[in-house]
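In what follows, a structure is listed as structure tokens, so that the remarks can point back to it.
The values are calculated or read from the model by the stated rules, or taken from the named source; none is laboratory data. What you see is a predicted model; the values in this text were computed from it and never measured. For neighbour counting, all protein chains shown are included, and Cβ atoms are generated from backbone atoms with ideal geometry for every residue, glycine included. Areas reflect the complete protein model, heavy atoms only, side chains present, ligands, DNA and RNA absent. Shrake-Rupley method; radii C 1.70, N 1.55, O 1.52, S 1.80 Å.
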Amino acid sequence: MSGRVYRLHSTLELPLEDVMDYFENDPTLPPEVEDVDITRRNNTLIIKAVSADDNLSKYTPTAQLKASVTENRVYEEEPPRAGAPSWGEEEEEIPSELVEFACFKGDLETVLQNTALQYPMFLVLREIAMLSEKGTLTAITEESDELQATRIVEGEVRAASVEVVENPQQNSSADSGVNWRDNKFIS
């Protein structure tokens, strides 16, 4: 399998426990990826590809997924809005817990780093995106000499397409900018 990732943008957030469970349940990885090494350094989660190809030098950095880990309070019910009138009622405490979330947020080099095995690790990220209930994953990739658009919103695949235009500036409103050459306020 060959492929390439040209563009990627992710706002995925999912419980860290879900990510760890996914990898502990022996997921089907792309053939080029034998396994993954998962490392956590402070508030950063790194999921690094282990190559199935022995010819890949041990000094070649393989692709890795990078997520920040944050702690959010999750309520069993919708919490009351701040500043809402309570009308003299005694407030009940809504049951909640602190949950660690893995946040795969950013563009290509922020979320999916290094080029060796980059496309297979994108496929792994796509599977993780299917587990996410919050956020989106959009990407433009190439597989078998064909461009493909990917869009996953809150764990659901959505329609996506790639539009190739000859001159991208034609679609933008270039006339709305400031013409600095003929500006009467600059002498």
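Is it true that some residue in region 14-32 is part of a strand (DSSP E or B), in contact (Cβ under 8 Å) with a residue 60 or more places away in the chain, out of contact with any Lys or Arg (no Cβ under 6 Å at 6 or more places or on another chain) and not β-branched (Val, Ile, Thr)?
From region 14-32, those part of a strand (DSSP E or B) are 14-15; that's our starting set.
From the residues that got through so far, the ones that are in contact (Cβ under 8 Å) with a residue 60 or more places away in the chain too are 14-15.
Add one more test, that the residue is out of contact with any Lys or Arg (no Cβ under 6 Å at 6 or more places or on another chain), and what stays is 14-15.
Now restrict to residues that are not β-branched (Val, Ile, Thr): 14-15.
Checked region 14-32: at least one residue is part of a strand (DSSP E or B), in contact (Cβ under 8 Å) with a residue 60 or more places away in the chain, out of contact with any Lys or Arg (no Cβ under 6 Å at 6 or more places or on another chain) and not β-branched (Val, Ile, Thr).
Here region 92-126 is the region considered, the condition is being surrounded by fewer than 21 Cβ atoms within 10 Å (Cβ to Cβ) and under 10 Å from the mean Cα position of the chain (by Cα), and the residue that is farthest from Glu146 (Cα to Cα) is Lys105. Screening Ile47 on (1) at positive phi; (2) within 17 Å of the chain's Cα centre (by Cα); (3) not aromatic (Phe, Trp, Tyr) shows it passes everything except condition (1).
Screening the candidates Asp37, Asp26, Asp18, Asp53 for the property of being closer than 24 Å to Lys134 by Cβ and open to solvent by 40 Å² or more (accessible area, probe 1.4 Å) yields one hit, Asp18. Residues of region 1-13 that are hydrophobic (A, V, I, L, M, F, W, C) and assigned to a loop (DSSP other than H, G, I, E, B): Met1 alone. All conditions but one from (1) in contact with a strand residue (DSSP E or B) (Cβ under 7 Å, 6 or more places away or on another chain); (2) open to solvent by 40 Å² or more (accessible area, probe 1.4 Å) apply to Lys58; the one that does not is (1). Inside region 61-74, residues that are of a type in the set (A, V, I, L, M, F, W, C) and open to solvent by 100 Å² or more (accessible area, probe 1.4 Å) make up a count of 0. Taken over region 141-162, the criterion of being open to solvent by less than 100 Å² (accessible area, probe 1.4 Å) and over 21 Å from Leu12 (Cα atoms) is satisfied by Glu142, Glu143, Ser144, Leu147, Val162. Can you find even one residue in region 52-60 that is at pLDDT 85 or above, touching an Asp or Glu at 6+ places or on another chain (Cβ under 9 Å) and in a strand (DSSP E or B)? No, region 52-60 contains no residue that is at pLDDT 85 or above, touching an Asp or Glu at 6+ places or on another chain (Cβ under 9 Å) and in a strand (DSSP E or B). The condition of being among the charged types (D, E, K, R), touching a Ser or Thr at 6+ places or on another chain (Cβ under 9 Å) and modelled with pLDDT of 85 or more holds for only one of Glu71, Glu100, that being Glu100.
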